[in-house]
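Below: one structure, written as structure tokens.
The values are calculated or read from the model by the stated rules, or taken from the named source; none is laboratory data. Computed from a predicted model, the values in this text were never measured in an experiment. Because the Cβ atoms are built from the backbone with ideal geometry, glycine has one as well, and the counts that use them run over all protein chains shown.
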Amino acid sequence: MSNALKILVGTMTGTAQLVAQEVELTLDGEHLQVSSQPMDGLDSAVFAPGGLFLICTSTYGQGDVPDNARPLFLDLEARRPDLSGIRYGVIALGDKTYADTFCFGGKKFDALLASLGAKRIGEMMLHDASSGAMPEELAAPWSTAWIALAKAA
């Protein structure tokens with residue numbers, strides 16, 4: 001396993017950024033170089049030459065990816081690069097009040113990355129804002145279990 005993890009953050013209000021920072025703090029010291037980066041201005045080249053990624057994104061509007069994630073998402077759809085060298089996980093933030101589009105920001109990234117050959121590690125973390133639980137508090141134990149799966153794979 002590579003000893004680097006890049007967290008790509010799609011956010012409108014900053015919540016996904018808080019979650020990414022918590023994951024970064026949690027995994028620091030796991031013999032891992034962890035960095036988080038907002039998706040602003042990124043395109044499909046961010047996935048070259050491969051490696052381990054964590055998509056941390058909210059859902060916006062009618063089940064859309066956040067505005068800052070849209071250019072990356074559209075570029076991946078248009079260019080359709082071979083991402084078979086990518087392993088990834090997804091932290092998807094949503095609200096079950098909107099049942100028809102719950103966590104679609106993360107689910108859309110998951111489906112797109114998988115269609116391009118990337119391999120997801122473990123299950124997605126789906127956070128429900130209406131549950132009252134803080135996503136950053138749930139992300140810490142989830143990310144510890146997730147990174148253990150990544151190291152074992």
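Quick notes
- Selection from segment 57-85 of residues that are crowded, with 17+ Cβ neighbours inside 10 Å, of a type in the set (A, V, I, L, M) and part of a helix (DSSP H, G or I): ALA69, LEU72, LEU76
- SER143 meets the conditions (1) hydroxyl-bearing (Ser, Thr, Tyr); (2) part of a strand (DSSP E or B); (3) over 17 Å from VAL46 (Cβ atoms) in every case but one. The failed one is (2).
- Among the candidates ASP110, ASP100, residue that is in contact (Cβ under 8 Å) with a residue 12 or more places away in the chain, in a helix (DSSP H, G or I) and in contact with a Lys or Arg (Cβ under 9 Å, 6 or more places away or on another chain): ASP110
- Contacts under 8 angstrom Cβ, first residue in segment 75-90 being closer than 19 Å to GLU123 by Cβ, partner assigned to a strand (DSSP E or B) and hydroxyl-bearing (Ser, Thr, Tyr), 6 or more apart: VAL90/THR57
- Out of ALA99, ALA118, ALA78, ALA92, sole residue that is at pLDDT below 95 and among the aliphatic types (A, V, I, L, M): ALA99
- Residue list for segment 113-137, restricted to those being outside any loop (DSSP other than H, G, I, E, B), among the aliphatic types (A, V, I, L, M) and under 12 Å from the mean Cα position of the chain (by Cα): LEU113, MET125, LEU126
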